[in-house]
Amino acid sequence: MKTVDKMEFTYVQKANEYVESVYETVKARNPHQVEFQQAVKEVFASLIPVLEKHPEYMKQSILERIVEPERMISFRVPWLDDEGKIQVNRGYRVQFNSALGPYKGGIRFHPSVNESIIKFLGFEQIFKNALTGQPIGGAKGGADFDPKGKSDAEIMRFTQSFMTELSNYIGPDQDVPAGDIGVGAREIGYMFGQYKKMRGGYQAGVLTGKGVGYGGSLGRKEATGYGTAYFMDAMLKDNGLTIDGCTAIVSGSGNVSIYAMEKMTQLGAKVIACSDSNGYIYDEGGINLTTVKRLKEEGNCRISEYVNEHPQATFHEGCSGIWSLPCDIALPCATQNEIDNEAAKQLVANGVKAVGEGANMPSTLEAIEIFMSHQVLFAPAKAANAGGVAVSALEMAQNSARIAWSFEEVDGKLHQIMQNIYQASIQAAEEYGQPRNLVLGANISGFKKVAAAMISQGVI
């Protein structure tokens, strides 16, 4: 018995030392990439139990290999504004891991985009994509271009210039980008048109998130928000709770937020607040989603204008204040690190029961620890945010087969995928000694699929 205990201690010690060593190397090689370091640290903390049980992952140097992108591309994007002046932005694409299939991940247009942001998003995408059960690898891309305040002509010229360079590195069986923050159906359409012109033929499978009339999938616009709600529904039911009758707050008011609010409302929740970068609205009787959709999807207006039509509601400057509102369910659906430790403490003090990450890494590591230490049900982004890429992969399948599924078919497949992700995550958490820890469960479940494929394919 003592010998077994000693061996177990040795494996634990080796796993800890291995993780620490690789993480220190990541920090040394990427000294200013704080978002990327944060993403790596969060995943690595979950992997110690699986490394103890499977020392072959250490022998095969899986962590060293998985934190290094297979390819990191950066390029200039020159374009002409409406005043005739040449502007220059910087574009990126990180093709992080193709062990499971062609690279897959969105394109983000936002002033904050830099190499660290793109690498953190691409690293997260590896495991998120693996969780969906679809044959897709992890990637991400974008540019430090701000589409706000730009004319349609300026956006078209920018996206055409962006795609002129990006087209050298993507293809239906190589790398299939989609949209993300700042990149919707309009931007995807312009990029698709430019790719088609440059390649001299129609290749529907090169981008997802396309318009339904030219190869897009029904249900793609709703997928990330709906998927987050479906995951929350599965998590709450498994813990003897229900969405029905709960109050919810949802940060953001873009695609993810709007459709998370829509599905949560359909499942019986009352959504009382949402936000944009200027501030948040609070409507005690429940947010009128029709108004929000019209303001944000049709009018491209600020969320503050909501109160002009609903005077019983209030607008508050500063989007972070939304987390001070009492609620049963909180869904951060805006951007990374929007919930810090102070926001998490406020939510806990106000009695929040469950938190579901609809955005990519919206909670800091300290915030996650606060939620979990107070027994708040926590759905991590890799799992809860996976609906968008899941339906993107379904769009790829439809493009390859030259068929189109109905909204009900796509939605049904999405619902099943999100339930499968929940079950895989909860089972992995239980198998590795931390029942109900979905952060650990999601990370391990996704990691094991990718690691097994990497080992099978040799040192490449």
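The numbers here are math on the coordinates, done by the rules we state, and not lab data. Please read all numbers here as calculations on a predicted model, not as lab measurements. So basically every Cβ, Gly included, is an ideal-geometry build from the backbone, and we count neighbours across all protein chains shown.
Across the range 309-324, coupling constants 3J(HN,Hα) worked out from phi with the 6.51/-1.76/1.60 Karplus curve, θ = phi - 60°, read 9, 10, x, 6, 7, 10, 10, 10, 5, x, 5, 5, x, 4, 6, 7 Hz, and Gly and Pro carry x.
Normalised by the empirical 2.2 N^0.38 Å for globular proteins, what value does the Cα Rg of the range 318-460 take? The partial results should precede the final answer.
Values: Rg = 17.5 Å, N = 143, 2.2 N^0.38 = 14.5 Å.
It is 1.21.
Of interest is the spacing of the C-alpha centroids, which for the range 345-404 and the range 435-456 amounts to 16 Å.
In order along the range 29-39, phi translates into HN-Hα couplings of 7, 10, x, 10, 9, 5, 5, 5, 4, 4, 5 Hz, rounded to whole numbers, per the Karplus curve 6.51 cos²θ - 1.76 cosθ + 1.60 with θ = phi - 60° and x for Gly and Pro.
Counting only DSSP beta bridges with both residues in the chain, the antiparallel share comes to about 55 percent.
As a ratio to 2.2 N^0.38 Å, the alpha-carbon radius of gyration computed for the chain takes the value 0.96. Wrap a convex hull around the Cα atoms of the range 164-279, take a quarter of its surface area, and give that in square nanometres. So the Cα hull casts an average projection of 9.3 nm².
List the pairs from K150/K196; K128/K263; K119/K382; K41/K119; K104/K449 whose alpha-carbon separation is above 19 Å, in the order I gave them.
On the way: K150/K196 24 Å; K128/K263 21 Å; K119/K382 15 Å; K41/K119 13 Å; K104/K449 16 Å.
The pairs that break the limit, which is 19 Å between Cα atoms, are K150/K196; K128/K263.
Over the chain, dividing the summed -39,500 (n - 2.57) contributions of all DSSP H runs of at least 4 residues by the number of residues returns a 222 nm mean residue ellipticity of -15500 deg cm²/dmol.
Diffusion coefficient of the range 71-202 by Stokes-Einstein, Kirkwood radius over Cα pairs, 10 °C, 1.306 mPa s: 107 µm²/s.
With only Cα atoms counted, the range 221-379 has Rg and Dmax values of 14.2, 42 Å. Put in order of Cβ neighbour count within 10 Å, fewest first, the listed residues I249, I426, I48 become I48, I426, I249.
When peptides 355-368, 104-117, 163-176, 309-322 are sorted by average Cβ neighbour count within 10 Å, with the highest value leading, the order is 355-368, 104-117, 163-176, 309-322. Are any of the pairs K345/K448; K59/K140; K237/K413 more than 24 Å apart by Cα-Cα distance, and if so, which? In this structure, K345/K448; K59/K140 exceed 24 Å between Cα atoms.
The 3J(HN,Hα) values that the Karplus relation (6.51, -1.76, 1.60; θ = phi - 60°) gives for the range 12-21 are, in residue order, 4, 4, 5, 4, 5, 5, 5, 4, 5, 5 Hz. Gly and Pro appear as x.
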